[in-house]
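Trainee: What follows is a structure written as structure tokens; I'll ask about it next.
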Amino acid sequence: MATYFISDLHLQASQAKVAQGFLDFVASLEDAEALYILGDFFEFWIGDDYSDPFVESIKTALKTASTQYPVYFMHGNRDFMIGQAFADETGMSLLEDPCVVTVEGRQVLLMHGDSLCTRDEVYMRMRPLLRNPTWQASMLEKSIEERLVIAQNARMESATKDPKMADSEIMDVTPDAVVKAMDDAGVDLLIHGHTHRPKVHTHQLELKEGSRMVLGDWHEDKGWMIKACNGKFELLSLAL
Ligand code: MN
């Protein structure tokens, strides 16, 4: 049995190969004990009341998967509007960011990763608002058409500061924020995504050495996952 972690699929109708890659991936997990989706699963999400054939195909896959193994979902900075209705419909459980889970007998801190990029001061100031239930409720009162326009504008704005394009220092995590998050949680293993920089890092924590495993984004013909099995955590790429 194995536990799987993925993030940053940025699912959208225009990226059919990535979507098919996800459908194939969830269908292939015969030995899964659990699947953790750590945010930016969708490129954008304007509310659980919106759907289309693309969204329905993903929902169906999640629903099928969650009858076979538990599926856990943590919000990213793109899909923070995913709500309890979507979770109920697909059988997923929503996770807080950050949260600590026990996998392979090990305490693991899970985060999307955006909250670790503390040098992106503009976003860090905006983040609490985007996660505020009152602000989200006021967004959901707007029509679907209005919300699609807002999402489109936000995506155009963030396209100019794409992690790969923007100043690399700002868009990567702050090492001090990593150490603090891991020491606060009392763990020596952190798994996150967001930065699109798949790699395993070592950090000197207060009392011990810690590992930080960074998931990669899925695009064109390549995806990333972390597979935990037999006491081992491995960062693996997969062909889509
Ligand atoms: Mn992100």
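The values are calculated or read from the model by the stated rules, or taken from the named source; none is laboratory data. All of these numbers come straight from a predicted model, not from anything done at the bench. With ideal geometry, Cβ positions are generated from the backbone for all residues, glycine too; neighbour counts draw on all protein chains shown. The area values use the complete protein model at the heavy-atom level, side chains included, leaving out ligands, DNA and RNA. Shrake-Rupley method; radii C 1.70, N 1.55, O 1.52, S 1.80 Å.
Trainee: Within the chain, what is the longest stretch that has no GluC sites (Glu not before Pro) placed in a DSSP loop and near at most 12 other beta-carbon atoms within 10 Å?
Mentor: Working: sites that count: E30, E96, E141, E206, E220.
With GluC sites (Glu not before Pro) excluded where exposed in loops, the chain gives 31-95 as its longest stretch.
Trainee: Now for a different question. Along each principal axis of its Cα atoms, how long is segment 1-128 end to end? Whole angstroms, biggest number first, please.
Mentor: Projected onto the principal axes, the Cα atoms of segment 1-128 cover 41, 40, 26 Å.
Trainee: Between segment 1-75 and segment 96-123, what's the alpha-carbon centroid distance in Å?
Mentor: Here the two parts' Cα centres lie 19 Å apart.
Trainee: Now for a different question. Roughly how many percent of the accessible protein surface of segment 34-148 is carbon and sulfur, given a 1.4 Å probe and a whole-percent answer? It would help to have the intermediate numbers written out before the result.
Mentor: Numbers: 2820 of 5160 Å².
Answer for segment 34-148: carbon and sulfur cover 55 percent of the accessible area.
Trainee: Here's something else I'd like to know. Give the accessible surface of the chain per residue, rounded to a whole number of Å², with probe radius 1.4 Å and ligands, DNA and RNA excluded.
Mentor: Values: 11540 Å² over 240 residues.
Per-residue value: 48 Å².
Trainee: Report, ordered by chain and residue number, the lysines lying within cross-link reach of K208, taken as a straight Cα distance under 21 Å and ignoring same-chain residues fewer than 8 apart.
Mentor: Correct list for K208: K180, K199, K232.
Trainee: Here is a further query. Output wanted: per-residue J couplings in Hz (rounded whole) for segment 6-14, from phi through Karplus 6.51 cos²θ - 1.76 cosθ + 1.60, θ = phi - 60°, x for Gly and Pro.
Mentor: 9, 7, 6, 6, 6, 4, 7, 4, 6
Trainee: How much length would be gained if the chain were fully extended between A16 and N153, taking 0.36 nm per residue of separation minus their Cα-Cα distance, in nm to one decimal? Before the final figure, lay out the partial values.
Mentor: Numbers: separation 137, 0.36 × 137 = 49.32 nm, distance 2.25 nm.
Stretched fully, the A16-N153 segment lengthens by 47.1 nm.
Trainee: Which lysines, on any chain, are close to K142 with Cα under 24 Å apart, when same-chain ones fewer than 8 places away are left out?
Mentor: Hits, sequence-local ones excluded: K59.
Trainee: Next question, about the same structure. Ordering R127, R155 by how much accessible area each has at a 1.4 Å probe, largest first, what is the list? Working shown, then result.
Mentor: Values: R127 40, R155 60 Å².
From most accessible down to least: R155, R127.
Trainee: In addition: Could you calculate the FRET efficiency of M124 with E104 from 1/(1 + (r/R0)^6), where r is the beta carbon distance between them and R0 is 30 Å, rounded to 0.05?
Mentor: Computed FRET efficiency for M124 and E104 comes out at 0.40.
Trainee: If R₀ is 45 angstrom, what is the calculated FRET efficiency for the pair E89 and H201, using the beta carbon separation as r and rounding to 0.05?
Mentor: Numbers: r = 36 Å, r/R0 = 0.81.
About 0.80, to the nearest 0.05.
Trainee: Take the chain, connect every pair of alpha-carbon atoms lying under 10 Å apart with a spring to form a Gaussian network, then pick out the residue of A32, A85, A185 with the largest mean-square fluctuation.
Mentor: Its mean-square fluctuation being the largest, the pick is A85.
Trainee: Of the beta bridges DSSP finds with both residues in segment 64-217, what % are antiparallel, to the nearest 5? Walk me through the numbers before you get to the answer.
Mentor: Values: 11 of 20 bridges.
Within segment 64-217, antiparallel bridges account for around 55 percent of the total.
Trainee: Based on the Cβ-Cβ distance of E30 and V55, what FRET efficiency does E = 1/(1 + (r/R0)^6) give at R0 = 25 Å, to the nearest 0.05?
Mentor: Values: r = 26 Å, r/R0 = 1.04.
So the FRET efficiency works out to roughly 0.45.
Trainee: As a test of the definition: which semi-axes, in Å, follow for the chain when you take the square root of five times each eigenvalue of its alpha carbon gyration tensor? Largest first, please. Walk me through the intermediate numbers first.
Mentor: Details: eigenvalues 137, 104, 56 Å².
Those come to 26, 23, 17 Å.
Trainee: Could you compute how fast segment 63-108 diffuses translationally, taking Rh as the Kirkwood radius over C-alpha pairs and applying Stokes-Einstein at 10 °C with viscosity 1.306 mPa s? Give it in µm² per second. Show your work: numbers first, answer last.
Mentor: Numbers: Rh = 11.7 Å.
Roughly 136 µm²/s, to the nearest whole number.
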